[in-house]
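Comments concern the structure below.
The values are calculated or read from the model by the stated rules, or taken from the named source; none is laboratory data. Here the structure is a predicted model, which means the values were calculated and not measured. Note that each Cβ is placed from the backbone with ideal geometry, even for glycine, and that neighbours are counted across all protein chains shown.
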Amino acid sequence: MLHDHWGIQRISDAVVFDRLVQVLVFGCGYARDADEHCSSTTLCRRHDEWIATGGMETLRLLVLAAYDHMIGLELGRLNADGCISKAPPEANVPARARSTRPSPASNGPG
């Protein structure tokens with residue numbers, strides 16, 4: 001068993017991680033999720049410790065990748081406006097369908 005510098009038994013990372021996930025998922029504070037097995041101070045300190053070591057950023061990237069895989073979106077191919085379909089290139093559009101009026105979205109030809 002690991003002990004901190006005061007000789008007190010250190011709560012396992014798995015227990016703290018589980019509590020931190022609950023805090024993030026349910027949006028509650030550390031004090032709300034604390035109990036006799038893990039205090040709010042422990043949650044806060046371990047969270048800060050993992051941020052300092054880069055663990056939370058790694059976790060964030062893993063969670064985003066898992067979510068993207070689960071949903072099936074290829075967010076790298078998503079347009080800035082959120083549209084996942086594209087208009088055909090202008091070369092494929094018949095001449096009569098092309099507009100010469102200014103487009104309000106681009107202030108250019110439609």
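Quick test of your reading of the structure: GLY110 fulfils all but one of (1) modelled with pLDDT of 85 or more; (2) touching a Ser or Thr at 6+ places or on another chain (Cβ under 6 Å). Name the failing condition by number.
All conditions are met except number (1).
Return the residues of region 40-59 that are over 15 Å from ASP13 (Cβ atoms) and polar (S, T, N, Q); say none if nothing qualifies.
Within region 40-59, SER40, THR41 meet the criteria.
Go through (1) of a type in the set (A, V, I, L, M); (2) at pLDDT below 65; (3) surrounded by 10 or more Cβ atoms within 10 Å (Cβ to Cβ) for VAL16 and report which single condition fails.
Going through the list (1) of a type in the set (A, V, I, L, M); (2) at pLDDT below 65; (3) surrounded by 10 or more Cβ atoms within 10 Å (Cβ to Cβ), VAL16 breaks only (2).
Quick check on my filter: what residues within region 33-64 are in a loop (DSSP other than H, G, I, E, B) and either within 18 Å of GLN22 (Cβ to Cβ) or touching a residue at least 24 places away in the same chain (Cβ under 8 Å) (or both)?
ALA34, ASP35, GLU36, HIS37, CYS38, SER39
Read through the list (1) of a type outside the set (Phe, Trp, Tyr); (2) outside any loop (DSSP other than H, G, I, E, B); (3) surrounded by 10 or more Cβ atoms within 10 Å (Cβ to Cβ), then give the number of the only condition that VAL25 fails.
(3)
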